[in-house]
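Step one of this worksheet: look at the structure below.
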Amino acid sequence: MRLSRYFLPVLKEDPKEAQIVSHRLMLRAGMIKQQAAGIYSWLPLGYRILRRIETIVHEEQARAGHIPMLMPTLQPADLWRESGRYDDYGEEMLRLKDRHKRDLLYGPTNEEMITDIFRAHVNSYKDLPLTLYHIQWKFRDEIRPRFGVMRGREFLMKDGYNFDLTKEAALHAYNRHLVSYLRTYERMGLQAIPMRADGGPIGGDYTHEFLVLAETGESEVFYDSEITDLTFGDRQIDYDSVEQCQAVLEEFTSRYARTDETHDEAVYAQIPQERRRKARGIEVGQIFYFGTKYSEPMGATVVGPDGARVPVHMGSHGIGVSRLLGAIIEANHDDRGIIWPEGVTPFHAGIVNLKQGDASTDSACEALYAALRAQGLDPLYDDRDERAGAKFATMDLIGLPWRITVGPRGLAANKVELTERRSGESTEVTPEEAVARLARVYAPVLAQAYPIA
Ligand code: 5CA
């Protein structure tokens, strides 16, 4: 992408309405624009990162064997009357009527609708196990939308639903989701810790939230500091293996880690004093097992091996896709702006032309641009007629992990400057070396790609 042809409306001033750094930086970097309380337009840069995150989610769902689909944002109220949640959900549900006076709602989640789809089309235990998911906009009329996309009213969620014959099989689906979520968040450069939580309006008493530790997090959490030493890394997991998924769950949930809703002082007190931590966290996902809570009242049954009909065991599993942008920025920024982890960066590297209009500088930048693209990388070329300082400030603000600076003085010695955003370290290299180095840096990131189902 050439910056002169892009739409990147960066703000010079700090917007007053933003209370936390991620919200401030998203507005300043021209990623989002508020349209109403908790409702945002995604401007090109923000939209690009949103899609990167979506792609990682899709790829990791495919790796775990889950099937993508798409359900509508508007839902008929009658489905929710069947489960009893139409009355229970309260003011958070946005209710509307169509021209025929039929009750509709803007979906806050999809347990009822997916159960309806299941009961219409699945009849036999032989069609199980089945896990379907979608990435779709949700609406929750939050009493206090705040912190930008962190607590929106309209927000993008990945929600997946498993259908299994037995509780044991459904618990394997739960464990499989836990494993795939660990991998998903790590690809985004995040440590998201599974913590015992509360079922809330989704239900069930077997549930974990995934939390990213951050001072600005809305959840209070208590944990054993040993849990922060765990990483998933590049383990190869067979998602069909009950033992392997169970072992990962046990490893990642064996130390104390709970949100305030399930916190137990007595158990916490047994952790050695120096390992006890009380902190704040951002909830970036939650997994649930709730058995037959929806399948029973809604008649989602299958014919079992003995010929009798039984309600299926279900769970649901959510990732806060739009919230993740805020969480990643909270965990990756400095006083100059965002520092994107390499797995989600909107562009892999910025090219800064120090003397736009100078024939040899322009052609060196063009050659770099083409060479990076030939390596499967997406550069952002700042080809505007701007001062160097302004170009650097924009690159720092929008947080590209790498910058190549090209100027006539360096080029005279066939050198460009390669700068790492996080450390600020610069090295003088030939243009070919810069491209080779970035290809090496990004090779492990590109290797994570997986065919989407
Ligand atoms: N049906 C279940 C799982 S699919 C469900 O709705 N779970 S949830 O309520 O925990 O939401 C899933 C994730 O969506 C949360 O972990 C959180 O990351 C994100 N989320 C929830 N509410 C908001 C909100 N108001 N703004 C942004 N993200 C949100």
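Summary of values
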{"read-out": "The listed residue being within 16 Å of the ligand (Cβ to nearest atom) and in the same structural domain as Ile319 (by TED's automatic domain parsing), out of Val57, Val21", "value": "Val57"}
{"read-out": "Residues located in region 301-323, provided they are among the small types (Gly, Ala, Ser), within 16 Å of the ligand (Cβ to nearest atom) and open to solvent by less than 10 Å² (accessible area, probe 1.4 Å)", "value": "Gly315, Ser316, Ser322"}
{"read-out": "Only listed residue being open to solvent by 20 Å² or more (accessible area, probe 1.4 Å), in the same structural domain as Arg277 (by TED's automatic domain parsing) and among the small types (Gly, Ala, Ser), chosen from Gly160, Gly200, Gly217", "value": "Gly200"}
{"read-out": "Residue within region 235-244 that is in contact (Cβ under 8 Å) with a residue 60 or more places away in the chain and open to solvent by less than 40 Å² (accessible area, probe 1.4 Å) present", "value": "yes"}
{"read-out": "For Tyr223: the one exception among (1) open to solvent by less than 10 Å² (accessible area, probe 1.4 Å); (2) away from the ligand (no atom under 14 Å from the Cβ); (3) more than 19 Å from Gln246 (Cβ to Cβ)", "value": "(1)"}
{"read-out": "Of all residues making up region 73-129, the number that are in a helix (DSSP H, G or I) and either open to solvent by 10 Å² or more (accessible area, probe 1.4 Å) or basic (Lys, Arg) (or both)", "value": "21"}
{"read-out": "Only listed residue being over 30 Å from Tyr47 (Cα atoms) and away from the ligand (no atom under 11 Å from the Cβ), chosen from Asp229, Asp198, Asp234", "value": "Asp229"}
{"read-out": "Residue tally, condition in contact with a helix residue (DSSP H, G or I) (Cβ under 9 Å, 6 or more places away or on another chain), within 12 Å of the ligand (Cβ to nearest atom) and of a type outside the set (Ser, Thr, Tyr), over region 81-137", "value": "10"}
{"read-out": "Segments classed as strands (runs of 3 or more DSSP E), wholly inside region 340-453, with at least 3 members that are in contact with a helix residue (DSSP H, G or I) (Cβ under 6 Å, 6 or more places away or on another chain)", "value": "349-353, 379-382, 402-406"}
{"read-out": "Boolean, Gln273 is open to solvent by 40 Å² or more (accessible area, probe 1.4 Å) and modelled with pLDDT of 95 or more", "value": "yes"}
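Yes/no per residue for (1) closer than 30 Å to Arg309 by Cβ; (2) in contact (Cβ under 8 Å) with a residue 12 or more places away in the chain:
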{"site": "Pro68", "(1), (2)": "yes, yes"}
{"site": "Asp87", "(1), (2)": "yes, no"}
{"site": "Lys97", "(1), (2)": "no, no"}
{"site": "Asn110", "(1), (2)": "yes, yes"}
{"site": "Ser124", "(1), (2)": "yes, yes"}
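The values are calculated or read from the model by the stated rules, or taken from the named source; none is laboratory data. Keep in mind the model is a prediction, meaning the values are calculated, not measured. Methodologically, a virtual Cβ is constructed for each residue, glycine included, from the backbone with ideal geometry; neighbour enumeration extends over all protein chains shown. Areas reflect the complete protein model, heavy atoms only, side chains present, ligands, DNA and RNA absent. Shrake-Rupley method; radii C 1.70, N 1.55, O 1.52, S 1.80 Å.
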